[in-house]
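Working notes, structure below.
The values are calculated or read from the model by the stated rules, or taken from the named source; none is laboratory data. Fair warning: this is a prediction, and the values are worked out from it, not measured in the lab. All Cβ positions, glycine included, derive from the backbone under ideal geometry; neighbour counts span all protein chains shown.
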Amino acid sequence: MKQDLNQFLISNKHEKVTFEELHIRHLNLLMDLSSKKLNNWFLKMAIINTFDDLKIFLNNLKKNKHKCIIAIEEKKIIGYLNIFPLNDKGTCLRISKPNLINKEASTTEKDLTMGLIKKSISITEIKTSSWVINSDINNNHLISSSRELGFQPLENVKLWCKNNINKSIKPTKKELYSIDEFQEINKLNLINVLNFIRSNQSPLLRTIFDLDQKDISNRNDLNSGAIIHEKSVIGTILKDINFQGSKIYTLTTGRSWDNRLKPILKEILNQFFEKSPNSIIKTYEENTELNSYLEDFGFKDKFQEIVLVRNTLVRNESKQINKINQSLESIFEKLNPQGNAYPSPFPLKSK
């Protein structure tokens, strides 16, 4: 083993020989070569190797799609935020909460917040039409700053954790209802899951989030799944990519409460938290019956957030004189959503 190691590391006084792939960074070494022919060949190979690595780097960068915006004062970073797409098309971007690093900076927190958000909007691609910010409902500073920049309230969300003290979540008999099971999301049911989610979104939400099959796949993991009844989806649990690095899952049911869920949802959630005990379930405030169901069966409302959105379609539409005071929903009812606004006579089909 020692002999093998010596084949790669050759000691010469106190220096070690290192073995590296030839790159542009080695140009200064090429200048010392006396052979012009060999030097030219080395230069060619250095360029080829460098561009190969650059190609890999750019491909990985494209997959990541995250950007970090920083605020600089006197050559120091005083604040930052990050932005990332909420759909594969890149038409909807999430802007994270601005973070202040140096509290002794001369810039006020409000100016820092406004500046970071403005920059986030200005550097995005032409295809992007929506920007989303999630704020704690008590963060008046972020909400007011966002509103000044044209963001409008979209919806309130609730985030639930399981209360381990309350043992009221107990298995129930599935046989009383014709609900097959909680199934993993795969190629066979992917389009049905997408159609179900889109059918339970308002035209406004469908336009903003503009989800496709790949977006559902990106939200799918070992804990995700769909509740199936007679080959139809009646509920889903999907990873929520709004919250980076957190185990938060969106629980989607019909816009109206489906009584077929009542005896089975408890057991599904019980099994879900057995697999992932530190996860959090996200619901929408307007789903009052679902929220009451969770509260009755031992879930704790951990915190609430308000979703704010800025959309170019809304802004362009609201510039017209008699539409300025209309609600966001009423404006979107007059706009054609991007893609197929399921439910419609022509639901989405598999690709």
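Quick notes on this one:
- Listed by first and then second residue, the pairs with beta-carbon distance under 6 Å, at least 6 apart or on different chains, first residue in the range 70-93 and under 21 Å from residue 220 (Cβ atoms), second assigned to a strand (DSSP E or B) and of a type in the set (Lys, Arg), are 84/94; 86/94.
- Residue 97 passes every criterion in (1) surrounded by fewer than 16 Cβ atoms within 10 Å (Cβ to Cβ); (2) over 22 Å from residue 245 (Cα atoms) apart from (2).
- Failed criterion for residue 169 (all others in (1) modelled with pLDDT of 90 or more; (2) hydrophobic (A, V, I, L, M, F, W, C); (3) in contact with a Phe, Trp or Tyr (Cβ under 7 Å, 6 or more places away or on another chain) hold): (1)
- Scanning the range 71-94 for residues that are surrounded by 16 or more Cβ atoms within 10 Å (Cβ to Cβ) and of a type in the set (Val, Ile, Thr), we see that the one that is nearest to residue 243 (Cα to Cα) is 83.
- Within the range 106-122, tally of residues that are free of Cβ contacts under 8 Å to residues at least 40 places away in the same chain and surrounded by 19 or more Cβ atoms within 10 Å (Cβ to Cβ): 2
- Taken over the range 229-246, residues that are modelled with pLDDT of 90 or more and basic (Lys, Arg) amount to 1.
- Among the candidates 262, 247, 214, the residue that is basic (Lys, Arg) and either under 22 Å from residue 92 (Cβ atoms) or surrounded by 16 or more Cβ atoms within 10 Å (Cβ to Cβ) (or both) is uniquely 214.
- Consider the range 247-284 and keep the residues that are of a type in the set (D, E, K, R) and within 20 Å of the chain's Cα centre (by Cα). The one that is modelled with the lowest pLDDT is 247.
- Among the residues of the range 329-344, none qualifies, meaning not one is on the phi > 0 side of the Ramachandran plot and modelled with pLDDT of 50 or more.
- Scanning the range 217-229 for residues that are touching a Ser or Thr at 6+ places or on another chain (Cβ under 6 Å) and part of a loop (DSSP other than H, G, I, E, B) yields a single hit, 223.
- For residue 50, the test of being at pLDDT 75 or above and farther than 22 Å from residue 145 by Cβ is passed.
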